[in-house]
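Bear in mind these aren't lab numbers, they're just calculated from the coordinates by the rules spelled out. Worth saying up front: this structure is predicted, and the values here are computed from it rather than measured. Here the Cβ positions follow ideal geometry from the backbone for every residue, glycine too, while neighbour counts run over all protein chains shown.
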Amino acid sequence: MRNRVLFGSIVIGLLAAGWCGAAGPGRIHYQGRLFNQITGEPIIGAVPFTFRLVTTPEDLGDVLWTEAHDSGAYPSREDVLVENGFYEVELGKYVPLPLDAIASATAIYLEIQVLNDEPMRPRQRILAVPYALESQMLGGKEASDFAEAAELIAHASEASAHHIKTTDASEITSGVFSDGRLPNTIARKSDLDPLEAHVDDFDNPHQVTLEQAGAVTPHDVLLGAKGFLNHAAIDAHILGQVASSTTPLYDHTCPEDMVQVGYSCIDKEAFRDTGQSTPLQANWFTAAVKCAERGKRLCRYSEWYVGCANSGDLGVSEIGSNEEWVDQWAAEGTEQHLRPVSVGLGSCSFIRRANLGAMARFRCCR
């Protein structure tokens with residue numbers, strides 16, 4: 001089986017707790033696409049994968065970790081489910097990640113192997129997401145700014161005077177605390193004695209007689225006066241069904257210039273400025289602003305791909321032949337920074353990491 005990965009996830013980041021070595025999931029979430037190298041068709045079905053973490057982008061270097069998602073070799077494990085070429089996995093699900101080795105390494109690369117094929121190239125460098133980087137600083141503080149848990153436990157166990165809850169065995173066995181042990185914010189019984197008569201009084205808010213309760217308007221009468229929806233009407237409202245002629249419902253349909261893709265709407269045509277006949281060419285940032293001005297946003301790649309792959313049935317035009325911006329960013333090779341992603345140059349499967357100043361068409365979703 002000849003396969004290749006066209007596009008990995010936009011950001012591959014260790015979960016913050018796992019990166020720092022604290023208690024937490026300690027896994028890496030990874031997404032990618034898998035195609036047949038000969039036909040170019042997206043793979044569909046359960047496929048055995050092997051993932052490795054290594055220290056160099058080439059063949060040489062230390063292998064820090066290996067995990068096989070292969071039910072044939074390991075009956076207790078599962079193959080990776082690939083749907084129309086898309087797949088996603090949690091690395092560290094079967095073999096714990098070597099967090100100490102990862103934290104001390106200067107660079108980490110992910111190597112992917114499908115079945116018994118040669119491992120794919122190039123390897124992908126793993127970059128920490130911003131929150132994982134912040135977690136290493138513990139909210140802006142160094143680890144040395146915090147006390148060790150063992151020190152706190154030992155400190156709390158000291159029978160020192162400033163621990164107001166600390167007492168000795170004689171006080172515990174007698175059931176009596178000296179008044180000096182209690183802070184002034186705690187009321188004494190002598191302070192509460194004048195309140196007993198108030199609590200027994202039926203004319204105070206603490207107690208209500210049956211006669212007083214009978215004078216209150218029942219809740220169902222109050223609701224009937226104000227108007228309310230029963231459960232059937234609420235369910236119909238959520239499902240977009242007509243419950244009655246007086247029940248306002250949410251409109252789930254798309255505007256005339258858009259068509260539904262899943263739970264979203266996508267523009268039928270590429271974006272044009274008002275009064276213009278040709279699609280607008282703009283950089284990624286201008287495209288995002290233009291969509292926002294119309295109460296929309298740039299399409300996610302998954303939304304754009306559904307519109308492109310089903311353009312004939314959905315009535316989506318001008319898609320799949322020219323580059324268009326989508327709401328995604330990705331790193332190129334071993335780069336340390338992200339680039340905006342453009343798609344659709346001659347194919348629904350075309351994906352490119354473009355320069356910041358590049359110009360392309362776009363369409364909006366909502």
Practice prompt. Tally the residues that are surrounded by 14 or more Cβ atoms within 10 Å (Cβ to Cβ) and polar (S, T, N, Q), restricting the search to region 266-285.
Written response: 2
Worksheet item: Take the residues of region 101-129 that are among the hydroxyl-bearing types (Ser, Thr, Tyr) and loosely packed, with under 14 Cβ neighbours inside 10 Å: which is nearest to Leu338 (Cα to Cα)?
Response: Thr106
Practice prompt. Would you point out the residue of region 81-100, among those that are in contact with a Ser or Thr (Cβ under 9 Å, 6 or more places away or on another chain) and of a type outside the set (Val, Ile, Thr), that is surrounded by the most Cβ atoms within 10 Å (Cβ to Cβ)?
Written response: Gly85
Worksheet entry | When residues of region 315-348 are limited to those that are among the acidic types (Asp, Glu), within 15 Å of Phe271 (Cα to Cα) and part of a loop (DSSP other than H, G, I, E, B), the one nearest to the chain's Cα centre (by Cα) | Glu323
